[in-house]
Amino acid sequence: MFKKTILPALALAGICAFPTLTEARRPVRPKPAQQTRNVPGQFDYYVLSLSWSPDYCATKGQKDTQQCSSGRQLGFVLHGLWPQYDRGYPQDCTPEAFNPKMQQQFPGLYLSSKLFKHEWEKHGTCTGLTQLQYHQLSKDLKESVKIPDRYVRPTQPFRVTLTQFKQDFVKANPGFTEQSVAPSCSGSGRFLQETLVCYSKDGKPGTCSEEVLRRSQKSCGQANFLVRSVR
């Protein structure tokens, strides 16, 4: 009686001990970068953040005459180059202090010395690049973006939809798709605040994560938004 009971059990155990054909062929997926958080070089893609200066100056212009003094006529300016996870982002990955010589080698890359320092220490330290490489890549990507004509020093404000904004950038930059560009808005979706442009880790036009695209859709969720004119 005991033998009759145990043999089927052993046979069943033998079946379970070996993977099925489907399981054996299942690919081993690499761990998402966010599982190794805040490790230099461990991230999924880059975001180039370009702030719309007229929006910044509309609220903080009195405190920042360097950027917002009358006659500067600044449009999109570099906020930073940020390594991103598909969900979230790394920050402050190493204690390496900012080298002030970068300001001399890349004059005008940022509009303030504080931003140079902040962007390197919070974001640049997570790229796995040297300070020279990080600032050179920031400069190269910023200069590679062709700003659509009507966003170049507009003297009158105008309105666009989220889709129109994306299409304007795709038309001016053939390597982009609508998923490469993710604007954000201020004033509960009423005003253009900045745009994020997404790149692969090797600096090629890429696709923003679903998280970034959802946040953009929510931020600029009005029927349209206002692009303020330059000052």
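Taking the criterion of being within 27 Å of Lys60 (Cβ to Cβ), modelled with pLDDT of 95 or more and not aromatic (Phe, Trp, Tyr), would at least one residue in the stretch 197-205 satisfy it?
Among the residues of the stretch 197-205, at least one is within 27 Å of Lys60 (Cβ to Cβ), modelled with pLDDT of 95 or more and not aromatic (Phe, Trp, Tyr), which makes the answer yes.
Only residues that are modelled with pLDDT of 60 or more and assigned to a loop (DSSP other than H, G, I, E, B): list them for the stretch 20-58, please.
Selection gives Arg37, Asn38, Val39, Pro40, Gly41, Gln42, Phe43, Asp44.
How many of the residues in the stretch 95-114 are surrounded by 16 or more Cβ atoms within 10 Å (Cβ to Cβ) and under 17 Å from Ser53 (Cβ atoms)?
Summing the residues that are surrounded by 16 or more Cβ atoms within 10 Å (Cβ to Cβ) and under 17 Å from Ser53 (Cβ atoms) in the stretch 95-114 gives 3.
Which members of the stretch 106-117 meet the condition of being in contact with a strand residue (DSSP E or B) (Cβ under 8 Å, 6 or more places away or on another chain) and without any contact (Cβ under 8 Å) to a residue 40 or more places away in the chain?
Leu109, Tyr110, Leu115
Residue under question is Val170, and the condition is that it be among the β-branched types (Val, Ile, Thr), surrounded by 14 or more Cβ atoms within 10 Å (Cβ to Cβ) and touching a Leu at 6+ places or on another chain (Cβ under 9 Å); does it hold?
No; evaluated as a whole, the condition is false for this residue.
Only residues that are in a helix (DSSP H, G or I), in contact with a strand residue (DSSP E or B) (Cβ under 9 Å, 6 or more places away or on another chain) and in contact (Cβ under 8 Å) with a residue 60 or more places away in the chain: list them for the stretch 59-79, please.
Selection gives Thr59 alone.
Determine, yes or no, whether Gly41 is over 19 Å from Val230 (Cβ atoms), surrounded by 14 or more Cβ atoms within 10 Å (Cβ to Cβ) and touching a His at 6+ places or on another chain (Cβ under 9 Å).
No: the conditions fail for Gly41.
Tell me whether the stretch 126-143 contains one or more residues that are under 27 Å from Leu226 (Cα atoms), at pLDDT 95 or above and surrounded by 16 or more Cβ atoms within 10 Å (Cβ to Cβ).
yes
The values are calculated or read from the model by the stated rules, or taken from the named source; none is laboratory data. None of these values were measured; they are calculated from a predicted model. Using ideal geometry, Cβ is built from the backbone for each residue, glycine included, and neighbour counts are taken over all protein chains shown.
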